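Engineer: Would you mind keeping the following structure in view while I ask a few things?
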Amino acid sequence: MAKTVKPTSTRSSTVIIPNGPQIRCGRTHVTLRRDITYASVPAGGAQRDLRLDLQLPQTKGPKPLVVYITGGGFIMANKANNLDQRTYVAEQGYAVASIEYRTSATGSTYKDGVADVKSAIRYLRAHADELGFDAEDVAVWGQSAGGYLAAMAGATNGEDRFEQGDNLDRSSDVQAVVDQFGAHDLSKVADDFDAETKAAYMAPGSFINAYVFGPNSTRSVATDRAANRAANPATHLSRSSAPVILLHGDDDHIISPSQSLILLDALKAKRVEGTRYLVRGADHGDLPFLGDPEAGRKWTTQKVMGTIVRFLDRKLGG
C-alpha cells in the first residue's frame, strides 16, 4: 500500500459523496448455485477446472446477465467475494455469475485471465436457457484486478486473440463494462504514489509484472513499452468496444486514482462511451480483505451501488 496519494483530477468526472444509507438485501428471493464448471484449462503444470457461482432472482420477465470478476491483486480470484454487492445487483432483476480465473499464483498471465473471462461468457451464453436467464446482452463488472480484466474484455470485443477453449461458436462480446478501481496503463499504476511504492510496483517480479510476464521474469512494464501497450485496454479500443463506467476512490492506496482518468481519456479519443465517477474519500474497495472492513462501506452505499444498477438498466434493459 502507498504511504501517500496525490490529489487526483476531477476533470470530466462526476464526484459521488458516499454518504447516506447502505444497501439492503433480502427483499427479493435469490437462488444461488455454486461451483458450476465452465472451463478446464492448463494452470500450474496441470489441468484445472474453473468454476462460477450463479445467482438468479425470483422475478418476472427476462433476467439479463452480469458477469462479476473479483479482485485479488492478480494473485487470487475467490469467486465467493462480495456476496452482498452481488446479491444486491441480482435483486434488481439480474442473473449474476461470479467467476474464477487464472492468476499469477499458477504462473498464469493477463492473457489467460482475459481468455477465462471470455470463456465464461461463451459458456453462459451456450447454457442460458437451461440455467434460466437471458444472455443476449451481457455486462462484465469487475473490481480491482477484476476491473482490469473487465476493461480488457469490453475493449477487445470482436478480437480473436483471447478466444480459447470451448463454445467458440458463441460470442464473448459484452454490451457494458462496470470497472471499479481497476488498473489500466500498468506502467503508470503507481504514478500517484510515493517513490518507494512506485519503485516496488515497477520492480521485476512485482504483482503487476508477474501477471504480465509470468514468474521469474526480469522484465518490467516500466521499460518494456511493447508489452505494456499490449496489456493496456486502451490499445484494444475500437468501434466495437463496449461502453464503460469507471468508479474510483480519490484516496485509493493500491491503484492510482489517475488510472481511471487515463482510460476515460482513451475512451473519448476512440469515441467509445465512458463515464468516470470519483468516490470522495474512498480508499481501495478490496481493503476489507486486507483487514480493513470500514474501507468497504463507502462502496456499499446506495449512492454508489445505485449508480452501477442504473447503468446496467440503461445498457441491458433490466
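Yes or no, residue by residue, for (1) among the aromatic types (Phe, Trp, Tyr); (2) under 15 Å from Thr70 (Cβ atoms):
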| residue | (1), (2) |
| --- | --- |
| Arg122 | no, no |
| Gly132 | no, no |
| Asp137 | no, no |
| Gln143 | no, yes |
| Tyr148 | yes, yes |
| Ala153 | no, yes |
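Engineer: If you scan the range 173-207, which residues turn out to be surrounded by 23 or more Cβ atoms within 10 Å (Cβ to Cβ) and touching a Pro at 6+ places or on another chain (Cβ under 8 Å)?
Structural biologist: Ala176, Val177, His184
Engineer: For the range 88-114, how many residues are farther than 22 Å from His284 by Cα and surrounded by fewer than 24 Cβ atoms within 10 Å (Cβ to Cβ)?
Structural biologist: The qualifying residues number 8.
Engineer: Checking the condition β-branched (Val, Ile, Thr), within 23 Å of Gln180 (Cα to Cα) and out of contact with any helix residue (DSSP H, G or I) (no Cβ under 8 Å at 6 or more places or on another chain), which residue from Thr87, Thr31 passes?
Structural biologist: Thr87
Engineer: While we're looking at this one, here's another question. Kindly provide the set of residues from the range 93-135 that are out of contact with any strand residue (DSSP E or B) (no Cβ under 8 Å at 6 or more places or on another chain) and farther than 23 Å from Asp185 by Cβ, ordered by number.
Structural biologist: Result: Ala105, Arg122, Ala126, His127, Asp129, Glu130.
Engineer: Same structure, new question: Which of the residues belonging to the range 208-248 are surrounded by fewer than 18 Cβ atoms within 10 Å (Cβ to Cβ) and aliphatic (A, V, I, L, M)?
Structural biologist: Ala226, Ala230 - these are the residues of the range 208-248 that are surrounded by fewer than 18 Cβ atoms within 10 Å (Cβ to Cβ) and aliphatic (A, V, I, L, M).
Engineer: Do any strands (runs of 3 or more DSSP E) entirely within the range 27-87 hold 1 or more residues that are surrounded by fewer than 16 Cβ atoms within 10 Å (Cβ to Cβ) and modelled with pLDDT of 95 or more, and if so, which? Outline the logic, then answer.
Structural biologist: Values: elements: 30-43, 46-57, 64-69.
Those strands (runs of 3 or more DSSP E) span 30-43, 46-57.
Engineer: Something else: Count, please, the residues in the range 191-221 that happen to be assigned to a loop (DSSP other than H, G, I, E, B), among the hydrophobic types (A, V, I, L, M, F, W, C) and over 14 Å from Tyr148 (Cβ atoms).
Structural biologist: 1
Engineer: List every residue pair whose Cβ atoms sit under 8 Å apart, with the two residues 6 or more apart in sequence or on different chains, where the first one lies in the range 143-164 and is buried (at least 24 other Cβ atoms within 10 Å of the Cβ) and the second, anywhere, is among the acidic types (Asp, Glu).
Structural biologist: Here the result reads Gln143/Asp286; Ser144/Asp286; Gly147/Asp179; Tyr148/Asp179; Ala150/Asp179; Ala151/Asp179, each pair linking the range 143-164 to a residue that is among the acidic types (Asp, Glu).
Engineer: Would you say Leu263 is surrounded by 24 or more Cβ atoms within 10 Å (Cβ to Cβ), on the phi < 0 side of the Ramachandran plot and either acidic (Asp, Glu) or modelled with pLDDT of 95 or more (or both)?
Structural biologist: yes
Engineer: Which residues, taken from the range 88-134, are part of a helix (DSSP H, G or I) and of a type in the set (S, T, N, Q)?
Structural biologist: If the condition is that a residue be part of a helix (DSSP H, G or I) and of a type in the set (S, T, N, Q), then Ser104, Thr106, Ser119 are the ones that fit.
Engineer: Sticking with this one: Hey, Ala226 hits all of (1) in contact (Cβ under 8 Å) with a residue 60 or more places away in the chain; (2) part of a helix (DSSP H, G or I) but one; which does it fall short on?
Structural biologist: The one condition Ala226 does not meet is (1).
Engineer: Something else now. Quick check on my filter: what residues within the range 197-255 are among the β-branched types (Val, Ile, Thr) and within 20 Å of the chain's Cα centre (by Cα)?
Structural biologist: We begin by selecting, within the range 197-255, every residue among the β-branched types (Val, Ile, Thr); these are 197, 208, 212, 218, 221, 223, 235, 244-245, 254-255.
Answer for the range 197-255, where residues must be among the β-branched types (Val, Ile, Thr) and within 20 Å of the chain's Cα centre (by Cα): Ile208, Val212, Thr235, Val244, Ile245, Ile254, Ile255.
Engineer: At positive phi and not polar (S, T, N, Q), is that true of Gly107?
Structural biologist: yes
The values are calculated or read from the model by the stated rules, or taken from the named source; none is laboratory data. Quick caveat, the model's predicted, so the values are computed rather than measured. Counting neighbours? That spans all protein chains shown, and the Cβs are built from the backbone with ideal geometry, glycine included.
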